[in-house]
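Student: This is the structure I want to talk about, given as structure tokens.
The values are calculated or read from the model by the stated rules, or taken from the named source; none is laboratory data. What you are looking at is a predicted structure, and each value in this text was computed from that prediction instead of being measured. Virtual Cβ from ideal backbone geometry, glycine too; neighbours counted across all protein chains shown. Keep in mind that these areas ignore ligands, DNA and RNA; they rest on the heavy atoms of the full protein, side chains included. Shrake-Rupley method; radii C 1.70, N 1.55, O 1.52, S 1.80 Å.
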Amino acid sequence: QVQLVESGGGLVQPGGSLRLSCAASGSISSINTMAWYRQAPGKQRERVADISNGGITRYVNSVKGRFTISRDNAKNTVALQMNSLKPEDTAVYYCNGQSLIRAYWGQGTQVTVSS
């Protein structure tokens with residue numbers, strides 16, 4: 001069973017950058033899609049970005065051009081580079097892995113964008 005642990009969250013000013021990392025306790029090479037979700041207070045969890053084993057990426061419109069998702073199957077890690085951060089990016093960010101038979105979730109890391 002793979003466990004996911006996020007890191008890299010924190011407080012940043014608008015326009016700043018953060019890099020989130022997700023470390024898996026086991027191999028992610030069998031997990032076809034790795035993704036980052038976020039949930040802001042009072043809102044539903046939304047998928048921010050995902051990446052397939054083949055490297056195909058997708059982003060929610062609100063982060064296109066600002067966020068970049070990447071994965072390293074050899075190191076069993078997934079990253080989310082976030083640039084030009086806005087206050088509306090404030091949320092708890094969750095790492096997710098989706099295989100054919102189950103979903104894996106991390107515990108989340110808080111990102112706060114505020115001056």
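Student: With respect to residue 113, is the statement that it is of a type in the set (A, V, I, L, M, F, W, C), more than 15 Å from the chain's Cα centre (by Cα) and surrounded by 12 or more Cβ atoms within 10 Å (Cβ to Cβ) true? Please lay out each step first, then the result.
Tutor: Numbers: of a type in the set (A, V, I, L, M, F, W, C): yes; more than 15 Å from the chain's Cα centre (by Cα): yes; surrounded by 12 or more Cβ atoms within 10 Å (Cβ to Cβ): yes.
Yes.
Student: Could you tell me which of the residues 48, 12 is within 14 Å of residue 91 (Cα to Cα), surrounded by 15 or more Cβ atoms within 10 Å (Cβ to Cβ) and more than 12 Å from the chain's Cα centre (by Cα)? Full working, then the answer.
Tutor: Values: 48 fails: more than 12 Å from the chain's Cα centre (by Cα).
That would be 12, the only listed residue that is within 14 Å of residue 91 (Cα to Cα), surrounded by 15 or more Cβ atoms within 10 Å (Cβ to Cβ) and more than 12 Å from the chain's Cα centre (by Cα).
Let's see how each residue does on (1) over 19 Å from residue 5 (Cβ atoms); (2) open to solvent by 60 Å² or more (accessible area, probe 1.4 Å); (3) basic (Lys, Arg); (4) assigned to a strand (DSSP E or B):
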| site | (1), (2), (3), (4) |
| --- | --- |
| 43 | yes, yes, yes, no |
| 54 | yes, yes, no, no |
| 58 | yes, yes, yes, yes |
| 65 | yes, yes, no, no |
| 69 | no, no, no, yes |
| 75 | no, yes, yes, no |
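Student: Among the residues of region 94-110, is there at least one that is open to solvent by less than 40 Å² (accessible area, probe 1.4 Å), polar (S, T, N, Q) and more than 17 Å from residue 2 (Cβ to Cβ)?
Tutor: yes
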